[in-house]
Amino acid sequence: TERIPGVMDGVNVVGWSLAMPPQLRGLTEGRGRNGQLIERDIMFRPDRLEFRRYPRLLRKVISHEFGHAIGLTHSSQCFDVMTLAADCPRMDPESLPITLTEHDLERCQAIYPGR
């Protein structure tokens with residue numbers, strides 16, 4: 001797409017952006033109304049050299065930000081997709097989870113029971 005993520009223009013956009021704090025790898029912004037998700041934009045920093053060095057890290061960040069897009073918050077468990085990488089600095093980038101873990105899924109089911 002040629003749309004810029006983070007504009008909140010009524011369209012869900014996923015893309016690269018330098019318009020976010022440089023210490024972040026990814027960011028999800030959005031808005032809702034009456035408990036309903038209206039829009040979510042997901043952006044990733046294109047200048048993070050670690051994404052080139054560790055492609056699995058980029059995949060983890062992508063999964064993590066999509067988790068935010070559906071309403072998940074950060075997890076304190078280092079092996080969850082929804083953990084903050086800064087909270088688990090000793091994790092090998094090649095062993096990072098790239099799909100939702102059982103704990104992530106339980107938290108998702110708590111948000112959306114019966115689905």
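The values are calculated or read from the model by the stated rules, or taken from the named source; none is laboratory data. Everything numeric here is computed off the predicted structure, so don't read it as measured data. Don't worry about glycine lacking a Cβ; one is built from the backbone with ideal geometry, like all the others, and counts go over all protein chains shown. The accessibility values were calculated without ligands, DNA or RNA, using every heavy atom of the protein model including side chains. Shrake-Rupley method; radii C 1.70, N 1.55, O 1.52, S 1.80 Å.
Points worth noting:
- The residues of the range 3-25 that are over 16 Å from residue 50 (Cα atoms) and in a strand (DSSP E or B), listed by number, are 13, 14, 15.
- From 65, 94, residue being loosely packed, with under 15 Cβ neighbours inside 10 Å and either of a type in the set (Asp, Glu) or part of a loop (DSSP other than H, G, I, E, B) (or both): 94
- Among the residues listed as 26, 32, the single one being open to solvent by less than 70 Å² (accessible area, probe 1.4 Å), modelled with pLDDT under 90 and not aromatic (Phe, Trp, Tyr): 32
- Within the range 102-113, being outside any loop (DSSP other than H, G, I, E, B) and of a type outside the set (A, V, I, L, M, F, W, C) holds for 102, 103, 104, 106, 107, 109.
- Residues considered: 28, 99, 73. Of these, the only one that is within 11 Å of the chain's Cα centre (by Cα), among the hydroxyl-bearing types (Ser, Thr, Tyr) and assigned to a loop (DSSP other than H, G, I, E, B) is 73.
- Here residue 85 clears all of (1) more than 19 Å from residue 30 (Cβ to Cβ); (2) modelled with pLDDT under 90; (3) over 12 Å from the mean Cα position of the chain (by Cα); (4) of a type outside the set (D, E, K, R) except the condition numbered (3).
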